[in-house]
Amino acid sequence: MDPVLDAFAAIPREGFLPPVERGYAGFDEPLPIGHGQTNSQPRTVADMLHLLQVAPGHKVLDVGSGSGWTTALLAHLTGPEGSVVGVELEPSLVRFGRRNLAATDQPWARIEKAKPGVLGWPRQAAYDRILVSAEAEALPSELMDQLAAPGRMVIPVAGRMTLAERSATGETRLSTHGWYRFVPLR
């Protein structure tokens, strides 16, 4: 049993795409959702979620929630005993993502409007897991500060998918897992 594949089956991608793109939901490629942003390629999302290793009951931060698909997938993985907060800068995508997420009936997840100049959602840190769906030039200390010990963060850094693992004693280990393209983290 693969919890990530179960989440994909339970949370179909087409419910998180603009109507004109829904016919392409089964394609393994990024699809535009407006404002220069995309709904990420399903294989990439699956790779990131496998690295993140979300378990029931986890408290999760989803940075760059876009259409809300990753927020909904994460909510499925945490279950109602967990919690997920997605953050998104673009106001119209916040509204779009909230509508899409609401349709999944997972009230333990929500999407918030990100504050310009503030990465993540520090007011509710620390998070067991952090997923970042935008590319940073370097590992952002602001997000590392929001990661629990133990905790895991998956983030594209300078083109490489990076896993940051924090041990229970606070030590951090970084590993990279292939090359990916994302919109820039801002």
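Whole number in Å², please: accessible area per residue of the chain, 1.4 Å probe, ligands, DNA and RNA not counted. List each step's numbers first, then the result.
Numbers: 8670 Å² over 186 residues.
Ligands and nucleic acids excluded, the result is 47 Å² per residue.
Would you work out what percent of the accessible area of the chain, with all protein chains in place, is carbon or sulfur (probe 1.4 Å)? All intermediate terms of the calculation are to be shown ahead of the outcome.
Numbers: 4770 of 8670 Å².
Roughly 55 percent, rounded to a whole number.
Hey, what angle do you get for helix 42-52 against the long axis of the chain, alpha-carbon based, 0 to 90 degrees rounded to 10?
In the chain, helix 42-52 runs at an angle near 30 degrees to the longest axis.
In 5 Å bins starting at 0, how do the alpha-carbon pair distances of the stretch 66-117 split up by percent?
For the stretch 66-117, the binned pair fractions read 5, 27, 32, 20, 11, 4, 1 percent.
What three numbers, in Å, describe the spread of the alpha carbons of the chain along their principal axes, ordered from the longest?
Between the extreme Cα coordinates on each principal axis of the chain lie 47, 34, 33 Å.
Put +1 on the Cβ of each Lys and Arg and -1 on the Cβ of each Asp and Glu in the stretch 91-186; which of Pro116, Pro140, Val94 then has its Cα farthest toward the positive end of the dipole?
Result: Val94, furthest along the dipole toward the positive end.
So for the stretch 1-98, what percent of the C-alpha to C-alpha distances run longer than 21 Å? Walk me through the numbers on the way to the answer.
Values: 1314 of 4753 pairs.
Of all Cα-Cα pairs in the stretch 1-98, 28 percent lie more than 21 Å apart.
Could you rank the peptides 12-23, 80-91, 95-106 by their average count of other C-beta atoms within 10 Å per residue, with the highest value first? Mind dumping the intermediate values first?
On the way: 12-23: 15.9, 80-91: 20.2, 95-106: 18.4.
Final packing ranking: 80-91, 95-106, 12-23.
The values are calculated or read from the model by the stated rules, or taken from the named source; none is laboratory data. None of the values given here were measured: they were computed from a predicted structure. Virtual Cβ from ideal backbone geometry, glycine too; neighbours counted across all protein chains shown. Note: accessible area is taken over every heavy atom of the protein model, side chains too, but ligands, DNA and RNA are not part of it. Shrake-Rupley method; radii C 1.70, N 1.55, O 1.52, S 1.80 Å.
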